[in-house]
Amino acid sequence: MTSSTPSMRVLVVGSGGVGDAVARIAARRGFFAAMVMADHDLARAQRSVAGVLERHPGEQRFTAAQVDASSAEAVSALAREHGATHVLNAVDPRFVMPVLDGALAAGADYLDMAMSLSTPHPERPHEETGQKLGDEQYARSGDWEAAGRLALVGIGVEPGLSNVLARYAVDHLFQSVDELGVRDGANLAVTDEDGNEIFAPSFSIWTTIEECLNPPVIYEREGGWRTTAAFAEPETFDFPGGIGPVECVHVEHEEVLMLPRTLPARRVTFKYGLGEEFIGVLRTLHALGLDSTSPVPVKGVPVAPRDVVAAVLPDPASIGPRMTGTTCAGVLVTGTGTDGEPREAYLHHLVDNAWSMAEYGSQCVVWQTAVNPVVALELLATGAWSATGVRGPEELDAVPFLELLSAPETEGGYGSPWALQERAPTSG
């Protein structure tokens, strides 16, 4: 951490599960001067500030504010009001573009954890891409470069830490890479007050529906990006950390669109360990039209079906006390190692829910997502990372990020190490 007086002032747009965890993590760090927690629901932003004060009495760097994330003008005005140097977008991806544009208008740098939305190909949605995830943001890169400002996109856990791990593998572990295969899985369980296991997604159901029911994207060097059917090519992946075998399927995810822009790999994929029950629920929502974002009239009131689904499920930020298990995010890299021999390595990051709840009062999935933009903000504050334009984390040096994330708090780090698991190379 820098020894000079901190000048970074952060506006966090969104005080849901991830935004709240950002505040709890950042409260332990000294690299910033102020952090404004903003949400369309002022009470929710105030709860995030109160959560910080409960664990850090006397903490004065945090304030709460109300903001309309759908309005670039509102985001810009709030950023200017508080002198924000950085805007961290912690709302769901339908608000990416107005928050991005609002940050640029305010002269602030920008970070997010999910990128601008895709639009399926109108005639061949399961063969060809239409508008891809992040296309709208990358198209703005020239504006950000001209302004001398940075938009660091996709700096959550996936995308985010997975991109950093992929960059590290390419730079330090492999001569050539056949596949960067992001694999995410967990053994999490949530129970009701009577101890019965219930369906309660640990992350935004709005975002989960979007990425799981859209046509998944696969990158292959020979043909570029292509799409396939939802839940295609199931495979059983053996996750470390006591999680064990989990069935994973293709879903649409930013890494597949980000990594090939910078990193040399013959193939890039993303597979998510959803489990049979979750896939069944998603298929049912789709069959009933409850995944739609287009409003339908309900007793004279226009309502988006997906918003109803999100409203009736438990808030991911609230389920931590009733959750058990561990979540794992990582990238399986296959290719030729630095010794010229075939190599297969799974670079990954584990977070146990009991640990994150005890240490921070945040459930593990939102904590694992939130820690990465906080680490990135600290690297930007100290100058260890710097860039202009619209950039992904894979475009920056992985070493300072991984060192800061992994080092014990007593040594100035975040005390959450990543790990590398060697696996027997598979033929073909």
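The values are calculated or read from the model by the stated rules, or taken from the named source; none is laboratory data. Since the model is a prediction, treat every value here as computed from it, not as a measurement. Ideal geometry is used to build each Cβ from the backbone, glycine not excepted, and the neighbour counts take in all protein chains shown. Note: areas computed on protein heavy atoms with side chains; ligands, DNA, RNA excluded. Shrake-Rupley method; radii C 1.70, N 1.55, O 1.52, S 1.80 Å.
Any idea what the relative contact order of the chain is, in percent, if you count C-alpha pairs under 8 Å spaced at least 6 apart?
Details: 969 pairs, mean separation 81.2, N = 428.
Here the relative contact order equals 19 percent.
For the range 1-135, give the percent of accessible area contributed by carbon and sulfur heavy atoms, probe 1.4 Å, rounded to a whole number.
Numbers: 2620 of 5370 Å².
Carbon and sulfur together cover 49 percent of it.
Treating the Cα atoms of the range 110-240 as identical point scatterers in vacuum, please give the log10 of the normalised Debye intensity I(q)/I(0) at q = 0.11 Å⁻¹, two decimals.
-0.56
Under a crude label model (7 Å from the Cα following the beta-carbon direction), how far is VAL296 from ALA146 in nanometres?
4.4
Percent relative contact order of the range 1-120, based on C-alpha pairs within less than 8 angstrom and at least six residues apart?
Working: 230 pairs, mean separation 32.0, N = 120.
Answer for the range 1-120 is 27 percent.
Along the principal axes of its C-alpha atoms, what lengths does the range 384-428 span, in descending order and rounded to whole Å?
Principal extents (Cα only, largest first): 40, 34, 11 Å.
Work out the length of the dipole vector of the chain about its Cα centre, built from +1 on the beta-carbon of each Lys and Arg and -1 on the beta-carbon of each Asp and Glu, and round it to the nearest 20 debye.
Values: 29 positive and 57 negative charges, 172 e Å.
Computed about the Cα centre, the dipole is about 820 debye.
For the chain, what is the calculated [θ] at 222 nm in deg cm²/dmol (nearest 500), taking -39500 (n - 2.57) for each run of four or more DSSP H residues and dividing by its residue count?
Values: 14 runs with 136 residues, N = 428.
Theoretical 222 nm ellipticity from helices: -9000 deg cm²/dmol.
Among rounded, prolate and oblate, which fits the range 33-169 when a ≥ b ≥ c are the square roots of the eigenvalues of its C-alpha gyration tensor, a/c under 1.5 means rounded, and a/b larger than b/c means prolate? It would help to have the intermediate numbers written out before the result.
Numbers: a/c = 1.83, a/b = 1.67, b/c = 1.10.
Taking the square roots of the gyration eigenvalues as a ≥ b ≥ c, the range 33-169 is prolate.
So in the range 74-181, what percent of DSSP beta bridges are antiparallel if you round to the nearest 5?
10
So what is the relative contact order of the range 60-175, in percent, for Cα pairs below 8 Å that sit 6 or more residues apart?
Numbers: 155 pairs, mean separation 25.1, N = 116.
Averaging sequence separation for qualifying contacts and normalising by length gives 22 percent for the range 60-175.
Counting only heavy atoms of protein chains, what accessible area per residue, in Å², does the range 221-311 have with a probe of 1.4 Å? Display every interim value, and only then the final one.
Numbers: 4440 Å² over 91 residues.
Value returned for the range 221-311: 49 Å² of accessible area per residue.
For the range 184-189, just list the computed ³J(HN,Hα) in residue order, Karplus coefficients 6.51, -1.76 and 1.60, θ = phi - 60°, integers in Hz, with x standing in for Gly and Pro.
10, x, 7, 10, 6, 9
Under 1.5 on a/c is rounded, so check that first for the range 271-428, then, if it is not, pick prolate when a/b is larger than b/c and oblate when it is not; a ≥ b ≥ c are the square roots of the alpha carbon gyration tensor eigenvalues.
Working: a/c = 1.88, a/b = 1.54, b/c = 1.22.
Verdict is prolate for the range 271-428.
In square angstrom, what is the accessible area per residue of the range 148-188 with a 1.4 angstrom probe?
Numbers: 950 Å² over 41 residues.
That works out to 23 Å² for each residue.
Report the far tail of the P(r) of the range 277-369, meaning the percent of Cα-Cα pairs longer than 17 Å.
Working: 2933 of 4278 pairs.
More than 17 Å apart: 69 percent of the Cα pairs in the range 277-369.
In the range 200-295, carbon and sulfur make up what percent of the accessible area (probe 1.4 Å)?
Values: 1920 of 3820 Å².
Summing carbon and sulfur atoms, their accessible area is 50 percent of the total for the range 200-295.
Can you give me the Rg/Rh ratio for the chain, using Cα atoms for both radii and the Kirkwood formula for Rh? Kindly include the intermediate steps, with their values, before the conclusion.
Numbers: Rg = 20.5 Å, Rh = 21.8 Å.
On the Cα set of the chain, Rg over Rh gives 0.94.
For the range 276-335, run through the trypsin sites (Lys or Arg not before Pro) and keep only the ones in DSSP coil with at most 13 other Cβ atoms within 10 Å of their Cβ.
On the way: sites: ARG283, LYS299, ARG306, ARG322; in loops: LYS299.
Answer by residue number: LYS299.
Could you tell me which of rounded, prolate or oblate describes the range 29-84, using a ≥ b ≥ c as the square roots of the eigenvalues of the alpha-carbon gyration tensor, with rounded for a/c under 1.5 and, failing that, prolate when a/b is larger than b/c and oblate otherwise? Walk me through the numbers on the way to the answer.
Values: a/c = 3.29, a/b = 1.52, b/c = 2.16.
Since a/c reaches 1.5 but b/c is at least a/b, the shape of the range 29-84 is classed as oblate.
Take the chain, connect every pair of alpha-carbon atoms lying under 10 Å apart with a spring to form a Gaussian network, then pick out the residue of GLY16, GLY413, GLY134 with the largest mean-square fluctuation.
GLY413
Could you tell me what percent of the DSSP beta bridges with both partners in the chain are antiparallel, to the nearest 5?
Working: 48 of 79 bridges.
Roughly 60 percent of the DSSP beta bridges within the chain come out antiparallel.
Report the trypsin sites (Lys or Arg not before Pro) located in the range 181-282 that are in a DSSP loop and have at most 15 other Cβ atoms inside 10 Å of their Cβ, or state none.
Working: sites: ARG183, ARG221, ARG226, ARG261, ARG266, ARG267, LYS271; in loops: ARG221, ARG266.
Answer by residue number: ARG221.
Hey, in the GNM for the chain with a 10 angstrom Cα cutoff, which one of ASP143, ASP352, ASP68 fluctuates hardest?
Between ASP143, ASP352, ASP68, it is ASP143 that shows the largest mean-square fluctuation.
Compute the normalised compactness of the range 196-298: alpha-carbon radius of gyration over 2.2 N^0.38 Å, N being the residue count.
Details: Rg = 15.5 Å, N = 103, 2.2 N^0.38 = 12.8 Å.
Rg over 2.2 N^0.38 Å, computed on Cα atoms: 1.21.
Would you mind counting up the charge near ALA77? Only other residues with Cβ under 14 Å from its Cβ, with Lys and Arg at +1 and Asp and Glu at -1. Present the calculation step by step, with values, prior to reporting the outcome.
Numbers: positive: ARG80; negative: ASP68, GLU73, GLU81, ASP101.
Net charge around ALA77: -3.
From the phi of every residue in the range 321-330, what ³J(HN,Hα) in whole Hz does the Karplus formula 6.51 cos²θ - 1.76 cosθ + 1.60 yield, where θ is phi - 60° and glycine or proline is x?
x, 10, 10, 10, x, 10, 10, 10, 10, x
Once amide H atoms are placed 1.01 Å from N in the peptide plane, what residues at a sequence separation of 5 or more from ARG149, or on another chain, have their amide H within under 5 Å of its amide H?
Counting only residues 5 or more places away or on other chains, the set is GLY389.
With each pseudo-label sitting 7 Å past Cα toward Cβ, what's the VAL308-GLU59 distance in nm, one decimal?
According to this spin-label approximation, the distance is 3.9 nm.
When the chain is treated as a GNM, springs tying every alpha-carbon pair under 10 Å, which of GLU252, GLU341, GLU220 comes out with the largest mean-square fluctuation?
Its mean-square fluctuation being the largest, the pick is GLU341.
Using amide H atoms built 1.01 Å from N in the peptide plane, name the residues 5+ places from SER362, or on other chains, whose amide H lies under 5 Å from its own.
MET357
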